[in-house]
1. Report, ordered by the first and then the second residue, all pairs with beta carbons closer than 8 Å, sequence separation of six or more or different chains, a first member in region 31-52 that is in contact (Cβ under 8 Å) with a residue 12 or more places away in the chain and hydroxyl-bearing (Ser, Thr, Tyr), and a second member that is open to solvent by 20 Å² or more (accessible area, probe 1.4 Å) and not in a helix (DSSP H, G or I).
2. Just one of (1) open to solvent by 40 Å² or more (accessible area, probe 1.4 Å); (2) out of contact with any Asp or Glu (no Cβ under 9 Å at 6 or more places or on another chain) trips up ARG525, so point out which.
3. Is there any pair with a first residue in region 92-111 that is modelled with pLDDT of 90 or more and a second that is surrounded by fewer than 18 Cβ atoms within 10 Å (Cβ to Cβ) and hydroxyl-bearing (Ser, Thr, Tyr) whose Cβ atoms are under 9 Å apart and which are 6 or more apart or on different chains, and what are they?
4. Could you give me the residue pairs with C-beta distances under 6 Å whose first residue belongs to region 402-416 and is free of Cβ contacts under 8 Å to residues at least 40 places away in the same chain, whose second residue is of a type outside the set (Ser, Thr, Tyr) and surrounded by fewer than 18 Cβ atoms within 10 Å (Cβ to Cβ) wherever it lies, and which are 6+ apart or on separate chains?
5. State all residues of region 210-238 that are at pLDDT below 80 and not in a helix (DSSP H, G or I); if no residue qualifies, say none.
6. List the helices (runs of 4 or more DSSP H) inside region 352-422, counting only whole elements, that have at least 3 residues being crowded, with 18+ Cβ neighbours inside 10 Å and touching a Gly at 6+ places or on another chain (Cβ under 8 Å).
7. Counting only residues that are open to solvent by 40 Å² or more (accessible area, probe 1.4 Å), among the small types (Gly, Ala, Ser) and assigned to a loop (DSSP other than H, G, I, E, B), which one in region 71-114 is farthest from THR138 (Cα to Cα)?
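The values are calculated or read from the model by the stated rules, or taken from the named source; none is laboratory data. All values derive from a computational prediction rather than experimental measurement. Every residue, glycine as well, gets a Cβ built from its backbone with ideal geometry; the counts of neighbours run over all protein chains shown. Just so you know, the surface numbers come from the protein's heavy atoms only, side chains and all, with ligands and any DNA or RNA stripped out. Shrake-Rupley method; radii C 1.70, N 1.55, O 1.52, S 1.80 Å.
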Amino acid sequence: MRIYADLADFGLGAMVRLVAALRECGKDATTYADFAQCVCALLHESFVGHDGQPQTALVRMYGTARASDLPDALRPDLPGDPTCLTLLGTVGTEPAWSDRTRSVGHQVLPLVDETHVARLPMVAALLEQLGVDVRALTAAEDDVMLPANEGGCRIFYVPVADGSPLIPAQDFVREHAIASAVGFGGALPGGEVFAVVLFSKVGVPLASAELLETVALSLSLAALDVAHAPLLEESGPPRGLGDLMPARVSLSWALVQAHERASALEAERALFAQARAEYDSRRTASLAAVAMRLGNVQSVGEIPDVLVTDGLTVLGAEGVSIALVDESRLAASLVISSAFGEDVAQAYATLPLDDALPTTYTARTGKVVLVEDSEGEHAFPAFRAVARAVGTRSVAVLPLLVGERLIGALTCTWPQPHQFDASGLEVMGALAAQVAQAADRARLIEREREHSTALQRSLLSDPPDVARCTIEVRYVPAEQAMAVGGDWYDVFAHVDGDSALVIGDVVGHDSAAAAAMGQIRGLVRGIGWPGGGPADVLHRVDEAVEGLALGVTATAVLARLGPDGLLRWTNAGHPPPMLVTGAGVVELGNAES
């Protein structure tokens, strides 16, 4: 019966199907060699990849035997009666690998003594990992048989075959792309030791290898079906081993226990996988939320609190700061999350780039710094004072890179010692990449805003002195993001001495609106200076905007203050002016038509 299993992801279900199939190998076997060949064929054919090709290049099963029990053709020419490791079964991708009689140099390996075994690195490692007492084995003592309990079956495991000293045949490893070697062993009914080794072309994780302990116990149980058979066809008549029922009971009980352990381990792994999946889901959602919010920030100062709200929960971090290197590359401006308080934000608003701090080191060099506890004080002497001031024990500092341009550093902090793992560093790396783009974009927005604000302020001159009244100006944007736009005010004198007061608004909140505002303001001044009523002036301004094809939409209120103290006004789409009397009464006047 052939099953399908994956060595790279060998689970409980596949293991149960495999051990059930292996127990059938002893039903029709007439020798241990027949049994072993069936085992090797089943393992080679069952472990397949998604492409349907075998994952093992070679599977071999060995058993120990006294030299005197071997056929004359295989008996080593050595004094005494040494224990030999005998090839019982072999199946592989090369035709010669599926016939044990064609094996060169591996059919019989004499195990004369401990020193001799030590000269065979793979055999020595195999016996050691299987828990075999090499001294007892080579001396052929009665207690060499592995006990049928939870400690009696272990695994042989070489996770990386390339370059491993445990596999001397490195030409074989490279030629056939062997990734891992894994095996298992146990006791045969007559007291001999068996070992199965799989040379895998895929990497075998430890979780897969550990399940082979149960396979070993099952194989020991299946071997009871050939307990009385000779080792090889040429080995002579069947052996008489007496009653095997105690061995069956002992192995069955050990197998039940092994299944229970494997089931418990699989359940734990399933719970861990579920927890990890939930964590990954939260992490993905967190990163998506951060990316969405960072895409809308208008200033660097908004970024830390966005990270605290949406980005740090999956990391357990409580604070964050962003250091941005200035153009001189001598200092870094620091923006800190509001959780640290205003005093800390002001105290560390600017840091010299050569300070002995993790943040400035990363901002200067672009290298990641991880401080899990107070040991950071040794590498960064200035860190102690800062850590105490902000209540920090651990920090992770990652560079902020825009392409290959280093613009600063992102620092995440923990109030308690924190151990960093690959998953957490992956999240922080993703956050740092998003923050770098957002911070670079926000700095460009801020610079554009500064330039536009300077332009706008330059167009909004101070009001002139006007007889019989005092003029005060207060210009406050409704939102920071709307600080630049088409709003304007103006006060100028008509040619006849009357004063003109203007409040207007060009549609838009950007530098283009500010530039258009300058044009409209100039038109109002130029057309209104010679004189005329407010309504007439605005009418002529409207004609000029249309005639000059300025493509500008604006609202305005224009008032004229005469020497008699009378205020005449008109508006075009703009709210009317309000008069607040000394008694606090608000009055609305009638517009001039």
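1. SER46/ARG2; SER46/TYR4
2. The failed condition is (2).
3. Short answer, once both residue conditions are applied: ALA96/SER103; TRP97/SER103; GLN107/THR101.
4. Final answer for the pair search is GLN416/ARG393.
5. Across region 210-238, the qualifying residues are ALA227, HIS228, GLY236, PRO237, PRO238.
6. Working: elements: 358-365, 376-379, 383-390.
Ranges flagged: 383-390.
7. ALA73
Yes or no, residue by residue, for (1) modelled with pLDDT under 75; (2) open to solvent by 60 Å² or more (accessible area, probe 1.4 Å); (3) part of a helix (DSSP H, G or I); (4) aliphatic (A, V, I, L, M):
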| residue | (1), (2), (3), (4) |
| --- | --- |
| VAL435 | no, no, yes, yes |
| ALA438 | no, no, yes, yes |
| ARG441 | no, yes, yes, no |
| ILE445 | no, no, yes, yes |
| GLU450 | yes, yes, yes, no |
| GLN456 | yes, no, yes, no |
| PRO477 | yes, no, no, no |
| VAL484 | yes, no, no, yes |
